[in-house]
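Down below is the structure, laid out as structure tokens.
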Amino acid sequence: MRNVVISGGGTGIGCAVARRFVESGHRVIIMGRRAAALEHTAEELNRTRRSDDARVVPVVGDASDPMVLDRLTSALDSLAESGVDVLVNNAGGVVPGPDSSVDEVVTNWIETFRSNVLTGVVLVEGLGPRMRRPGGRILNLSSIAAFRGGGGAYSAAKSAVVGWTFDLAARLGTEGITVNVVVPGYIEDTEFFGDRMTPERRARLIGQTLDGKAGRPEDVAAAVFFLASTEAAHITGQVVHVNGGAVFGR
Ligand SMILES: NC(=O)c1ccc[n+]([C@@H]2O[C@H](COP(=O)([O-])OP(=O)(O)OC[C@H]3O[C@@H](n4cnc5c(N)ncnc54)[C@H](OP(=O)(O)O)[C@@H]3O)[C@@H](O)[C@H]2O)c1
């Protein structure tokens with residue numbers, strides 16, 4: 001049984017990752033800013049858990065704010081063991097905002113990097129001392145946008161996640177912690193697109209895949225779950241694409 005911390009675990013891909021781990025008998029902390037989304041997910045997943053010890057604990061907070069670390073460490077201390085075996089830096093997304101002046105553009109870039117990059121940095125720096133050595137696993141979520149552009153600040157921030165993953169993998173390799181980056185393409189049934197999806201856009205995104213399908217949160221969760229396994233001990237510093245072939249992995 002392992003302790004798994006997932007940022008953005010209340011919805012979409014993070015929720016599917018949480019389900020995969022709790023169904024396999026692990027203890028899972030899901031964190032995010034909206035209490036209602038986290039509590040709803042925790043309640044639903046705890047109904048399907050297979051043992052009393054395997055459970056989902058919600059922690060409300062902004063992962064880019066170091067203040068959240070106290071709440072996370074208290075939640076970890078309440079578990080049977082207080083270390084972190086797996087950290088999934090999944091929080092992020094497009095940050096909508098006005099862009100009609102330089103000041104507005106700068107604000108949006110800062111907020112986009114805060115949401116997609118600093119969320120991971122705070123959790124890695126804050127929870128790093130509790131990570132299992134050897135055997136710890138860090139999974140960062142990037143995006144297909146990092147490899148083919150799109151979304152301005154978003155694609156830049158998701159590229160930064162890739163470079164940061166390589167840096168962390170080099171830093172933590174000899175301590176027995178692997179660090180990999182999972183790169184989703186178009187994934188349905190998440191809150192990612194909000195009201196920005198249209199039938200035409202959906203058809204275009206699916207048309208870019210080689211298998212003619214939209215991805216599902218479970219597809220990404222399966223990749224995360226494997227990379228977090230003990231079998232994946234010799235896989236670190238790698239980029240794993242989950243996009244139906246919409247861009248070729250390199
Ligand atoms: N869906 C796709 O097609 C797709 C494609 C490529 C990459 N991705 C990436 O996959 C990851 C998961 O996204 P998703 O598709 O599952 O979308 P989602 O349903 O919108 O999930 C994003 C989650 O991140 C949380 N979050 C955002 N900012 C946060 C912060 N500062 N602190 C804590 N939690 C935060 C959100 O919860 P709160 O709002 O409650 O904080 C939400 O639960 C993201 O990094 C996204 O960029 C998604």
Residue list for the stretch 6-63, filter: of a type in the set (Phe, Trp, Tyr) and within 23 Å of Thr112 (Cα to Cα): none
Leading residue by the ranking (farthest from the chain's Cα centre (by Cα)) among those in the stretch 12-48 that are closer than 25 Å to Gly185 by Cβ, of a type in the set (A, V, I, L, M, F, W, C) and assigned to a helix (DSSP H, G or I): Ala37
Failed item in (1) under 28 Å from Arg216 (Cβ atoms); (2) of a type in the set (Lys, Arg); (3) not in a helix (DSSP H, G or I), with Lys158 passing the rest: (3)
Residue list for the stretch 200-238, restricted to those being of a type in the set (A, V, I, L, M) and more than 13 Å from the ligand (Cβ to nearest atom): Ala203, Leu210, Ala222, Leu227, Ala228, Ala232, Ala233, Ile235
Hits in the stretch 50-72 - residues which are part of a loop (DSSP other than H, G, I, E, B), of a type in the set (D, E, K, R) and either more than 11 Å from the ligand (Cβ to nearest atom) or buried (at least 16 other Cβ atoms within 10 Å of the Cβ) (or both): Arg50, Asp52, Asp53, Arg55, Asp62
Residues that are within 12 Å of Leu127 (Cβ to Cβ) and not β-branched (Val, Ile, Thr), drawn from the stretch 54-69: Ala63, Pro66, Leu69
Qualifying residue in the stretch 78-86 (condition: near the ligand (Cβ under 9 Å from one of its atoms), closer than 30 Å to Gly150 by Cβ and touching a strand residue (DSSP E or B) at 6+ places or on another chain (Cβ under 9 Å)): no
Residue count, the stretch 188-208 (criterion: surrounded by 14 or more Cβ atoms within 10 Å (Cβ to Cβ) and among the hydrophobic types (A, V, I, L, M, F, W, C)): 4
Condition broken by Arg148, with the remaining ones in (1) out of contact with any Gly (no Cβ under 6 Å at 6 or more places or on another chain); (2) without any contact (Cβ under 8 Å) to a residue 40 or more places away in the chain; (3) of a type in the set (D, E, K, R); (4) more than 8 Å from the ligand (Cβ to nearest atom) satisfied: (2)
Subset of the stretch 175-191 (residues that are near the ligand (Cβ under 8 Å from one of its atoms) and within 27 Å of Thr236 (Cα to Cα)): Val183, Pro184, Gly185, Tyr186, Ile187
Of the criteria (1) within 22 Å of His26 (Cα to Cα); (2) surrounded by fewer than 20 Cβ atoms within 10 Å (Cβ to Cβ); (3) more than 9 Å from the ligand (Cβ to nearest atom), which one Leu139 fails: (2)
Residue check for Gly126: within 15 Å of the ligand (Cβ to nearest atom) and on the phi > 0 side of the Ramachandran plot: no
Test: residue in the stretch 42-49 that is surrounded by 14 or more Cβ atoms within 10 Å (Cβ to Cβ) and either within 21 Å of Arg216 (Cα to Cα) or within 16 Å of the ligand (Cβ to nearest atom) (or both): yes
Residues of the stretch 1-45 satisfying the condition of being closer than 19 Å to Gly126 by Cα and of a type in the set (A, V, I, L, M, F, W, C): Val4, Val5, Ile6, Val28, Ile29, Ile30, Met31
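Just so you know, all these numbers are worked out from the coordinates, no wet-lab data involved. All values reported here derive from a predicted model rather than from experimental measurement. No Cβ is skipped: glycine too gets one built from the backbone with ideal geometry, and neighbour counts run over all protein chains shown.
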